[in-house]
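What follows is one structure encoded as structure tokens, with my remarks underneath.
The values are calculated or read from the model by the stated rules, or taken from the named source; none is laboratory data. Quick caveat: nothing in here was measured; it's all calculated off a predicted structure. Because the Cβ atoms are built from the backbone with ideal geometry, glycine has one as well, and the counts that use them run over all protein chains shown.
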Amino acid sequence: MTLMQIREANAFSVSDLRARAKGVLTPPDHRAADQNGSPWRDDFELDPELAKLDRSNEKRLAAVLIPVIERDNQASVLFTQRTDNLPTHAGQISFPGGKMDSSDANAVDTALREAREEISLDPDYVDPIGFLQDYVTSTGYRISPLVAVIRNGYSIVPDQNEVAEVFDVPLGFLMDAKNHEIHSREWRGANRQFYAMPYGDRFIWGATAGMLRNLYEWIYRVEPSS
């Protein structure tokens, strides 16, 4: 096989993800010492003039886990479909995660705790790779997204009160810019644009798609480090 063929065969594998993330994502131990995180991206990236309509001055800290599994020798990302009876974001597709509790030492603890509570993911099977830039939402949250590889042998049991379903999408699909659509909805009397990545009958959008777009821009627009 040529070098190009080897790279193509290895594209979007777990090992390729690790290679690309090295030296780019913020290591979990470094991020744990810095509760405020790195400079952030937000829901207003496509409409920066709408940021003035954001009335939430104090951002509530939160964290999510971006869980990557290996399926058929390729990386795939796990998502949760929220139940329809939740008071906020009902029915939406998201990553396991939530707001930081006083008992959490840092964003790593928050992401792992929430993943265990929502889908019974044992932290012993979670291998954190690193953090993306924080993501600030129009609902007043500053989210720390932790990318992690889930080792084989894990099991998942969704909390039926919060999670209707757990499913995965190939990383290759999510990291292909051709699948990054821009949609819009009315927000506080204005038209706000957002990223969306429809996959079959799944509609991945909003902050979840925004964080995936960030992952693409950070590590899939460049060659992996040698």
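A few comments on the model shown:
- The condition of being out of contact with any strand residue (DSSP E or B) (no Cβ under 7 Å at 6 or more places or on another chain) and polar (S, T, N, Q) holds for residue 139.
- Test: residue 104 is closer than 26 Å to residue 27 by Cβ, over 15 Å from the mean Cα position of the chain (by Cα) and not small (Gly, Ala, Ser): yes
- Selection within the range 111-131 - touching a helix residue (DSSP H, G or I) at 6+ places or on another chain (Cβ under 8 Å) and either at pLDDT below 95 or assigned to a strand (DSSP E or B) (or both): 126, 128, 129, 130, 131
- Qualifying residue in the range 209-224 (condition: part of a strand (DSSP E or B) and either more than 30 Å from residue 10 (Cα to Cα) or charged (D, E, K, R) (or both)): no
- If you filter the range 89-111 down to residues that are of a type in the set (A, V, I, L, M) and under 17 Å from residue 142 (Cα atoms), you find that the one that is surrounded by the most Cβ atoms within 10 Å (Cβ to Cβ) is 111.
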